[in-house]
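The values are calculated or read from the model by the stated rules, or taken from the named source; none is laboratory data. On a predicted model such as this, the values are computed, not experimentally measured, just so you know. Here the Cβ positions follow ideal geometry from the backbone for every residue, glycine too, while neighbour counts run over all protein chains shown. Surface accessibility is based on the protein's heavy atoms, side chains included, excluding ligands, DNA and RNA. Shrake-Rupley method; radii C 1.70, N 1.55, O 1.52, S 1.80 Å.
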Amino acid sequence: MDNTEKKYQENLDYLYKFVDYSLTRNLQYSPEKFNLDHMRELAEALGNPQNAFPVIHIAGTKGKGSTAAMIASILMAADYRTGFYISPHLQDFAERIQVNNLPIPHAAFNRLVDEVRPHVEKIGRLTTFEITTALAFEAFRKQHVDVAVVETGLGGRLDSTNIVDPVLSVITSLSMDHMKILGDTLEEIAAEKAGIIKPGKPVVSAPQQSNALAVLETRAEETGSKFIVVGRDVKTKVLKHTLDGQWFEVRVTPHEGERTQKHLPASGNGEHGNLFPREYEKGVDFFIPLLGQHQVDNAATAIAAIMQLRQLGFEISEKAMEDGLAHVVWPCRFEILSRNPLLVVDSAHNRDSAHKLRQAIEDYFPGKPVTLIFGASEDKDISGMFAELLPICSRLIVTRSTHPRAADINTLIKSAGSYSCAVISAETVEIALQFSIDPGEPDGVVLAAGSLFVAAAVRSAWFNRQK
């Protein structure tokens, strides 16, 4: 290990010495743990780097990473130098901070930690995520990005990223997750996510359940923010799908939009609501390499966001939109790693996302026997995910990732007891993958799901097997 890599590992050890709520078991919400005071103090000490570039701020329960990746891909296709802040990472911590789709080099990461460290020591009481967020903002300033796509870590209102003043807010699909922190009802969760909506700044929403949508719309009205909703103001239709991707249509119906959306008045300049060119009234076709109906909704959300950016002065052509969507890369989201054997990994980690995953499996692989490799964090709705996935499975292989919050294997076996599928336990993801494909079912599907950490571990184990 050279000096750069040695120092990189030392810096990761340093970051993980702080409180990391993503690794904390049974986390409870409290104002002392979740507020923006310390984050603002750290940003102020660094000269508020988050104000050096325009920000698209994205929150949501599911789909925020995919939507963020699509927006970033389109911006890059339009020749904007694009910062991209995400969490968690799949393999390398530096993946969380990207410029033009490349993780920040370890040497640059080391220099940033050296710069930020004295301020961190002086302020104290900071978390791993707060420090990492500050590193990202400072990296983007030093890299002179033209724009940054910033994904929240948890929630929205009190998330460390919410010190930004975005040009646009985006809220993806909302469902029940992190209830101990965000609230016991969908309305409470929506209120937390809606905290990223800023006065006078437009917001785009993915399709939402009616009670969540009402909360978002109320917040938009209170802040005087233009509010565009996919599924209401922007319609989609899947035209064709294969294992290579999906072709879909985006359409805007002017009169319906004018009638239902007070924040999106019709204009007299040939565009619907000052947003979509007239050709969208007849429908415009796009392609994405990501699979599942939910990804079409995410793509439409990204398109609506890009249209809003165009109205704000960003120069983004239709070709850049087409190219950006066609070349987006977002691993572990209904990702087909192999077609022989048929191996799929997905990051589904709550009941809603498991339901969408089941729909995708039934859509793409109807009638095929499914072997499910499953592991989850202990605070997740394991019984809800099993209720969605196990009825279509012939075998279940329960395992666990190395993550500290991973649920115990015996707990998973007990939760699966009422289902008819065969249950096998595997102490590691590598053993689970071996069990799933050897001997396996020649015409079956191996599906890994339950947490991003399990999906990423299966992905890594598969590629290691190929070596």
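Using only side-chain charges placed at the Cβ, +1 for Lys and Arg and -1 for Asp and Glu, the dipole size of the chain relative to its Cα centre rounds to 140 debye.
Within 11 Å, Cβ to Cβ, of I392, how many net charges do the neighbouring residues add up to if Lys/Arg are +1 and Asp/Glu are -1? So the surrounding residues net to 0. The antiparallel fraction among DSSP beta bridges confined to the chain stands at about 40%. Taking Cβ atoms as reference points and 12 Å as the exclusive limit, the residues near F314 contribute a net charge of -2, counting Lys and Arg as +1 and Asp and Glu as -1. Straight-line cross-link partners of K64 among the lysines, defined as a Cα under 21 Å from its Cα and at least 8 positions apart when in the same chain: K180, K193, K198, K201, K226, K235, K237, K356, K380.
Over all other residues within a Cβ to Cβ distance under 13 Å of S436, the charged ones net out to -1, with Lys and Arg as +1 and Asp and Glu as -1. Across the stretch 52-101, the relative contact order, built from alpha-carbon pairs under 8 Å that are at least six residues apart, equals 26 percent.
Summary value for the chain: 14 percent relative contact order, contacts being C-alpha pairs under 8 angstrom separated by 6+ residues. How high is the FRET efficiency from Q91 to D443, r the C-beta distance, R0 22 Å, rounded to 0.05? Rounded to the nearest 0.05, the efficiency is 0.10. In this calculation the C-beta distance from A45 to A107 is compared with R0 = 22 Å, giving a FRET efficiency of 0.40. For the stretch 347-467, the convex hull spanned by the alpha carbon atoms encloses 92 Å³ per residue.
Packing, as the average of other Cβ atoms within 10 Å across residues, places the peptides 114-124, 39-49, 338-348 in the order 338-348, 39-49, 114-124, highest first. What whole-number distance in Å separates the alpha-carbon centres of the stretch 407-441 and the stretch 445-462? For the stretch 407-441 versus the stretch 445-462, the Cα centre distance is 13 Å. Computed from backbone phi, the HN-Hα couplings of the stretch 280-290 come to 6, 5, 8, x, 10, 9, 9, 10, 10, x, 8 Hz, rounded to whole numbers (Karplus: 6.51 cos²θ - 1.76 cosθ + 1.60, θ = phi - 60°; Gly and Pro given as x). Shape index of the chain: Rg/Rh, with Rg the Cα radius of gyration and Rh the Kirkwood radius from the inverse mean 1/r over Cα pairs, equals 0.96. Above 19 Å, the calculated P(r) of the stretch 263-405 contains 62 percent of its Cα-Cα pairs. Across the protein chains, with a 1.4 Å probe defining accessible surface, the residues Y419, Y16 rank Y16, Y419 from largest area downward.
Ordering 78-91, 280-293, 135-148 by mean Cβ neighbour count within 10 Å, with the highest value first, yields 135-148, 78-91, 280-293.
Per residue, the chain reaches -12000 deg cm²/dmol at 222 nm when only DSSP H runs of four or more residues are counted, each adding -39500 (n - 2.57). For the stretch 342-355, 3J(HN,Hα) computed residue by residue from phi via the Karplus equation (6.51, -1.76, 1.60; θ = phi - 60°) reads 7, 10, 10, 10, 8, 8, 3, 9, 8, 5, 4, 5, 5, 4 Hz, glycine and proline entered as x. Over the stretch 346-389, the Kirkwood radius and the radius of gyration, each from Cα atoms, give a ratio Rg/Rh of 0.97. Each Cα pair under 8 Å and six or more residues apart adds its separation to the average, and for the stretch 307-419 the resulting relative contact order is 20 percent. Taking amide H atoms as placed 1.01 Å from N in the peptide plane, the amide H of V423 lies under 5 Å from those of L396, each 5 or more residues away in sequence or on another chain. Ranked by the mean number of other Cβ atoms within 10 Å of their residues, highest first, the peptides 295-303, 160-168, 208-216 fall in the order 295-303, 160-168, 208-216.
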